[in-house]
Structure formats: C-alpha cells, structure tokens
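The values are calculated or read from the model by the stated rules, or taken from the named source; none is laboratory data. Not measured: the values here are computed from a predicted model. Here the Cβ positions follow ideal geometry from the backbone for every residue, glycine too, while neighbour counts run over all protein chains shown. The accessibility values were calculated without ligands, DNA or RNA, using every heavy atom of the protein model including side chains. Shrake-Rupley method; radii C 1.70, N 1.55, O 1.52, S 1.80 Å.
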Amino acid sequence: MARDLSLDPWSVPEFTKMAPHLTSLHLGGQNGYITDDFVDQLAHGLRNLRQINVFDCERLTDRTLLSLATYCPKLEAADISKSPHFSSIGVVELVRNCTGLKYLDISRIAVTDHVLAVVGNTLRELETLIMAECPRITSEGIVSAIEGSDGLGCQFTLQRLSFSNCPHVEKSMVDWCKQRLRQDAIVVW
C-alpha cells in the first residue's frame, strides 16, 4: 500500500529508525523535490532495501547511485530510468555493489557499452534489463551484457530484454538475442 509520507530532510533519520526493515521505496515520477542528500539519508538508514524506484528525478546525480551502492547492497530491483544526471559512473558502481539485482531499468540514461559489460560480468541473476532510448549503447554492448567476458553473462537468467529506440543497435540483435536467451525470453527492439 503506497502512502504519502511527506518527509522533510530533517525527519528522515527518525523515519528510518522507525522502519529499519523497509524493503521497497518508490520516490520517482517527475519528482523535482528529491535530492541526493535526501536519498543518502534514506539509504544510510534503510540497509534492507530490496527495491528502489528513483526514476525521472531531475535533481538526482550519481551521488544517489553511489549512496545506494554503498548502503543498500541487497537491492534486487532498481528503476533509475529517466533521471538526466545519472551517468555510466554511477550505474557501474550500483551494478558492482548490488550483485543480486534481478531487475534493472536504465532507460533514457546516456550509459555506454562499458556499463553493459559490467552488467554481463556481474549480474548473474538478472531477469529483466530495460534500456530503452539509450543513445550511446551499441549492439556490441548488448552482446557484452548477455555473454559477459566469460561467455556466461546473464543469458541463462534474462527473461525480458528491451533496447527499444536505441539508435546504434541493429534490428538483427533481436534474433541474435532470441538464439542465446531462454526460450521464453521477451526481447523488445
């Protein structure tokens, strides 16, 4: 059940003391009020978070992703899409420290193929990877995510892969992905 908690930054430590076992937090959605300091305080006190949604937050930067990576390594789902100040640097740190991620949405973030290589080498339980409208990723990056540097990547666990409207990814990648992923996997171009 979603609730509007209307937290002020000075009440965050009190909130986190009262809810230390909170596992899911939704802060996104055209939110211009959420700041790096706010998320840092939340992450510091909510180390049992399994799911975080900070999509479409215009004031957040890589500092938010570094806080989540540092204080919330148990994350299993992260929707960090559409936040214009997130970059490859922050996403890489999140992926490297939250190795149990099963769901990752990095849509509309200017990440590079390097991020996808880190995904392929790190997230061996990943089930959903959404990267719509990522202008800098290429077909080679998708190969890196699926195969990893050791030929394993996340090809055995990935159930849903979306790389729609990525200008440097060829349509032929859909067939390539379907040949390597699980038989029931959904691939969206």
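Taken over the chain, lysine pairs spaced eight or more positions apart, or on distinct chains, with alpha carbons under 21 Å apart number 4. The listed residues Glu93, Glu140, Glu133 rank as Glu140, Glu133, Glu93 when sorted by accessible area, largest first, using a 1.4 Å probe.
Our summary of shape: the Cα atoms of region 49-159 have principal axis extents of 37, 29, 21 Å, ordered from largest down, in whole angstrom. The residues of the chain expose, per residue, 50 Å² of accessible area to a 1.4 Å probe. Across the chain, the mean sequence separation of Cα contacts (distance under 8 Å, 6 or more residues apart), normalised by length, yields a relative contact order of 14 percent. Overall, the accessible surface of region 99-189 at a probe of 1.4 angstrom is composed of carbon and sulfur to the extent of 47 percent. How many angstrom lie between the C-alpha centres of region 32-68 and region 157-187? Computed from Cα coordinates, the inter-centre distance equals 30 Å. Normalising the Debye intensity of the chain to I(0), with uniform scatterers on Cα atoms only, and taking log10 at q = 0.10 Å⁻¹ returns -0.39. For Phe156, the accessible surface of its heavy atoms amounts to roughly 140 Å² (probe 1.4 Å, protein chains only, rounded to the nearest 10). Taking Lys and Arg as +1 and Asp and Glu as -1, the other residues whose beta-carbon sits under 13 Å from that of Arg108 total -3. Among Glu147, Glu14, Glu58, the residue with the largest mean-square fluctuation in a Gaussian network model of the chain, with springs joining Cα atoms closer than 10 Å, is Glu14.
Mean residue ellipticity, 222 nm, helices only, the chain: the sum of -39500 (n - 2.57) across DSSP H runs of n ≥ 4, divided by residue count and rounded to 500, is -10000 deg cm²/dmol. Per residue, the convex hull spanned by the Cα atoms of region 133-189 amounts to 66 cubic angstrom.
Between the Cα long axis of helix 113-122 and the first principal axis of the chain there is an angle of about 80°, rounded to the nearest 10.
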